[in-house]
Structures are given as structure tokens and as C-alpha cells.
Amino acid sequence: MGIDEDKRSTLRRFAAVGAASPLTRLAGGDDDGEGGDSDVRDAITGYVTATPGAHFSKLRDDLQLGTGETQHHLRRLLEEAAVESERDGDYKRFFPAERFSPFEKRALGYLRRETPRGMVVELLRNPDATASDLAESLDVSPATVSKYAAQLEDAGVLSRADGYAVKRPETLITLLVRYADSFDANAAEFAGEAADLLSYEP
């Protein structure tokens, strides 16, 4: 059964990123004789490189792959140490191998979630923002802000010692700027504002 053109285009786009990655050499090897398996693995490698911290379902859906197909290729990439995974609550998140520190992986896991990402962006924009300010800005309840603030504190991303304050702001700004296209419009807008402030290289 042929791959439809939309799926083929998506795979080709991310495979180009994957093929340019040094991790592709680790992910090489046997394929189906027509480049199919290796093309899919290149696409997954490219996707994980461009969207670090994405969970299984998002990766599968964005690349328009089947569940079994995704599981098969991810298992191969994990065995070959081309990608690595981290458990994040109910999610398993995927990263390029040996690219990120434990803090960066935790941070990216939360930046992949809409409300925690919004909280981090708002606090980077306005360090004096209160819980009420965050709730109003993000159109969520104070209880939701409190819940995620506790999680962000446990992850080492946020301090609640004296109001709310992000930890390692330069690292968070770097991640938001570097992967802006894989987040939402608000994060992309912030990345445009913050790009000139960066001096940190993760």
C-alpha cells in the first residue's frame, strides 16, 4: 500500500532534518531495500531534533505514522542510541541522544504543556507576576496555576519561596528561542522579543 502524498511530504521534510543530524549515522543500517525504513527513522530523528521533548502520540500523529510502526522505529532508534526517552508522568518524551542536561529535559517536558509553558513565558516577561496575574493572563483558574506551580517547583523550574520566580531563566529563554517554531504563537512571539538577550549556550 502506497504512502499518501501528504504523509510522504511530512516524512520527507523531517527526514531532511534527520539526514543532516550526526545522529543519523547511529541510526543507519538495514532498511526494506527501498529506503523506506531508513527514511522513516531519519524522519523520526529529524522530528525529535526539531521538537525535543515531544511525547509518543504527538510524534506519531505529526508524522502520520501508525502506532506499531512508530513503536518499531523508536525501539530501533533507542537501541542504537540515536534518541533517548524520559518518563514524564503519563508520558514518555523523546530527545536526541546526549544533547540535553537533566534540567533541560525536565524543562522541555513542561514547555511542551500549554499552561506551564504559558506560566514560564509570562514570568519571564513579567517577573513580578502573581498567581492571580498568571490565572488572568492564561484564562485559567487560580487552582490550575497553583497545581502547575507546585509541579514546576518540584521539577526545579520554578521557585515559590518569595512569590513566583523562574530558575535558570537564561536556559529557559534559550530553549524557547531555539525551539520557538515547535511551540505556540505566544512562545514564538516571546522568542522574537528575547532572541537578542541570549548569551547562554546549553
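Against the condition in a helix (DSSP H, G or I) and farther than 27 Å from LEU78 by Cβ, how does ALA188 come out, does it pass? Here the answer is yes, as ALA188 does meet what is asked.
Scanning the range 151-174 for residues that are more than 15 Å from LEU111 (Cα to Cα) and open to solvent by less than 70 Å² (accessible area, probe 1.4 Å) turns up SER159, GLY163, TYR164, ALA165. For ARG76, state whether it is among the basic types (Lys, Arg), touching a Pro at 6+ places or on another chain (Cβ under 9 Å) and open to solvent by 20 Å² or more (accessible area, probe 1.4 Å). Answer is no for this residue. Contact annotation: residue pairs with Cβ atoms under 7 Å, 6 or more positions apart or on different chains, pairing a residue in the range 60-78 that is touching a residue at least 24 places away in the same chain (Cβ under 8 Å) and within 12 Å of ASP37 (Cβ to Cβ) with a partner that is of a type in the set (Lys, Arg) and surrounded by 14 or more Cβ atoms within 10 Å (Cβ to Cβ), are HIS73/ARG41; ARG76/ARG41; LEU77/ARG41.
The numbered conditions (1) open to solvent by 30 Å² or more (accessible area, probe 1.4 Å); (2) closer than 25 Å to SER85 by Cα are all true for SER141 except (2). The set of residues in the range 127-148 that are out of contact with any helix residue (DSSP H, G or I) (no Cβ under 7 Å at 6 or more places or on another chain) and not hydroxyl-bearing (Ser, Thr, Tyr) comprises PRO127, ASP128, ASP133, GLU136, ASP139, ALA143, LYS147. Here the condition is being modelled with pLDDT of 90 or more and not polar (S, T, N, Q); of VAL17, VAL48, it holds for VAL48 alone.
So is GLU136 open to solvent by 70 Å² or more (accessible area, probe 1.4 Å), of a type outside the set (Phe, Trp, Tyr), touching a residue at least 24 places away in the same chain (Cβ under 8 Å) and on the phi < 0 side of the Ramachandran plot or not? For GLU136, the condition - open to solvent by 70 Å² or more (accessible area, probe 1.4 Å), of a type outside the set (Phe, Trp, Tyr), touching a residue at least 24 places away in the same chain (Cβ under 8 Å) and on the phi < 0 side of the Ramachandran plot - is not met.
Scanning the range 79-99 for residues that are surrounded by fewer than 22 Cβ atoms within 10 Å (Cβ to Cβ) and either under 11 Å from the mean Cα position of the chain (by Cα) or of a type in the set (Gly, Ala, Ser) (or both) returns ALA81, SER85, GLY89, PHE95, PRO96, ALA97.
The values are calculated or read from the model by the stated rules, or taken from the named source; none is laboratory data. Note that this is a predicted model, so its numbers are computed, not measured. All Cβ positions, even for glycine, are placed from backbone atoms using ideal geometry, and neighbour counts span all protein chains on display. For accessibility, only protein heavy atoms count, side chains too; no ligands or nucleic acids. Shrake-Rupley method; radii C 1.70, N 1.55, O 1.52, S 1.80 Å.
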